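Encoded as structure tokens, the structure appears first; notes follow it.
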Amino acid sequence: MGATLKMLIDGALVDGDSTMEVINPATAKPFASVACASVAQADAAIAAAKKAQPGWAAVPFEERAEYLRKLAAAIDARADELARTLVQEQGKPLPEAQAEIAYAGIFLRAFADMKLPVETLQDDDDLKVELHYRPLGVVVGIAPWNFPVLIAFNKVAPALLLGNTMVLKPAPTTPVATLMVGEIAKEILPPGVLNIVVDRNDLGSHLTSHPDVAKVSFTGSTVTGKKVAEVAASTLKRLTLELGGNDAGVVLDDVDVKKTAQGVVDSAFANAGQVCIALKRLYVADRIYDEMCDELAKLVSDLQYGDGLEQGVRVGPLQNEMQFKKAKAYLEHAAADGKIIAGGEAGDGEGYFIKPTVVRDIKDDSPLVQEEQFAPILPVLRYSDVEEVIERANDTNLGLGGSVWSSSIDRAYEYAQRIDSGTVWINHHTHFAPHIPFGGAKESGVGVEF
């Protein structure tokens, strides 16, 4: 990409104390160089945010909203460049990258249009009681590598709208497009309102424990989320944690098999399965189990995998080498614990490719079922009793999303209410929007977003 991309601190684009190469997962080779922050630079970003916050909070609410609209328009103006960059650092197919950049703008505008007026709780002869919403101060946002731009600015938008300032830390493997948006933001936002720092996964604890940080918004794994909560507890920081999911789909025996299979594939294999709310384990009624497996195998075998910039590719590489190694281990479990009916191998080429895979006749105790695979590998499990399968679907420490599929909405609704997840869909899976509260049950998170 040419010159090393710089970080945004106190309204200026700055070099890091060191630089870091970013790998294209389709080639497993570097494609860009970015600035990398030291502890002193992280402190400088927090100090800048702290200094800017009172003045930013004093800006009228609607003016802050207008800043978000301007940022959205500027992102739209560079959408093609941002999307192509996102493919090279994240791996997803170009249409998915284009959608991510578009949705970043859509979400910024949606938040800008939201209101949070003073609420009157009581107004009578005895008392007038009002509820006011105030900014917290400096917010640290930590974004993941699966949707690095969309999730980052889902954190930025509400924080800034309410008068907070922010220090944003993208994932070390996907900082490039975010730094490009930082270049855009520099020309729009007042200095210090948004700061972007990059690390090698070594500054998270420092940022989340800093006494001048009032809140942490983290999206990532449950294991890391617990560490964030532990560190943040030292100063009782406010927390929003959006963590792992092992979403179950329950298919009742009255579905249209072809239609349902297509909906399952659209969810389970989007972004190479690297979606926190993707459908990750499918329970199918015994009466239609064989037919469903056959249809899924056909659809998945037809999915083209490869470099996300190539036309027609539906499944890109896994984002990083560590995730690629995990996925190959899950393929071994698939072969040992079930019957592979599509895929089942690493893909061709030097990148981190896994062929889209479907596994049938697998048991509940397989690691592929028990753990969040975050890969294009779908286990399909048989059941004969609906009451029992609801228990099986809920038998996990995670509860981000889930779905029930049926030709009868009423029947699906009855069972959907018994799925222990933050969100449950009927006859589809993965839909989200800025006006819908998004959070998890159990160890899938704390608090809600949007």
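The values are calculated or read from the model by the stated rules, or taken from the named source; none is laboratory data. All values reported here derive from a predicted model rather than from experimental measurement. All Cβ positions, even for glycine, are placed from backbone atoms using ideal geometry, and neighbour counts span all protein chains on display. Side chains are part of the model used for accessible areas, which takes the heavy atoms of the whole protein and leaves out ligands, DNA and RNA. Shrake-Rupley method; radii C 1.70, N 1.55, O 1.52, S 1.80 Å.
Observations
- Restricting segment 28-57 to residues that are free of Cβ contacts under 8 Å to residues at least 60 places away in the same chain and in a helix (DSSP H, G or I) leaves a set whose member that is least open to solvent (accessible area, probe 1.4 Å) is 44.
Every residue, every condition in (1) touching a strand residue (DSSP E or B) at 6+ places or on another chain (Cβ under 7 Å); (2) more than 21 Å from residue 192 (Cα to Cα); (3) assigned to a helix (DSSP H, G or I), yes or no:
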residue: 100; (1), (2), (3): no, yes, yes
residue: 106; (1), (2), (3): no, yes, yes
residue: 111; (1), (2), (3): no, no, yes
residue: 120; (1), (2), (3): yes, yes, no
residue: 134; (1), (2), (3): no, no, no
residue: 139; (1), (2), (3): yes, no, no
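- Positions within segment 1-27 being touching a residue at least 60 places away in the same chain (Cβ under 8 Å), open to solvent by 30 Å² or more (accessible area, probe 1.4 Å) and closer than 15 Å to residue 172 by Cα, in sequence order: 6, 23
- Test result for residue 171, touching a Phe, Trp or Tyr at 6+ places or on another chain (Cβ under 6 Å), surrounded by 24 or more Cβ atoms within 10 Å (Cβ to Cβ) and at pLDDT 95 or above: yes
- Any pair with Cβ under 7 angstrom, 6 or more apart, that starts in segment 273-292 at a residue that is assigned to a strand (DSSP E or B) and ends at one that is open to solvent by 10 Å² or more (accessible area, probe 1.4 Å) and among the charged types (D, E, K, R): 280/372; 283/392; 284/382; 285/253
- Top-ranked residue in segment 98-124 [being without any contact (Cβ under 8 Å) to a residue 12 or more places away in the chain and among the aliphatic types (A, V, I, L, M); ranked as surrounded by the most Cβ atoms within 10 Å (Cβ to Cβ)]: 99
- Filter result for residue 77 (at pLDDT 95 or above, among the small types (Gly, Ala, Ser), out of contact with any Phe, Trp or Tyr (no Cβ under 8 Å at 6 or more places or on another chain) and open to solvent by 50 Å² or more (accessible area, probe 1.4 Å)): yes
- Residues (over 16 Å from residue 244 (Cα atoms) and either polar (S, T, N, Q) or open to solvent by less than 80 Å² (accessible area, probe 1.4 Å) (or both)) located in segment 411-427: 411, 412, 415, 416, 417, 419, 425, 426, 427
- Test for residue 323: is it more than 23 Å from residue 403 (Cα to Cα) and free of Cβ contacts under 8 Å to residues at least 60 places away in the same chain: yes
- Residue in segment 26-41 that is farther than 24 Å from residue 144 by Cα and of a type in the set (D, E, K, R) present: no
- The residues in segment 396-410 that are under 18 Å from residue 284 (Cα atoms) and open to solvent by less than 10 Å² (accessible area, probe 1.4 Å) can be counted, and the count is 6.
- Note on segment 414-450: residues that are hydrophobic (A, V, I, L, M, F, W, C) and either farther than 22 Å from residue 390 by Cβ or touching a residue at least 60 places away in the same chain (Cβ under 8 Å) (or both) total 8.
- Every pair of residues 6+ apart whose Cβ atoms lie under 6 Å, when the first sits in segment 369-396 and is on the phi < 0 side of the Ramachandran plot while the second is among the polar types (S, T, N, Q) and assigned to a loop (DSSP other than H, G, I, E, B): 372/246; 396/246
- Scanning segment 428-450 for residues that are surrounded by fewer than 18 Cβ atoms within 10 Å (Cβ to Cβ), at positive phi and among the small types (Gly, Ala, Ser) returns a single hit, 447.
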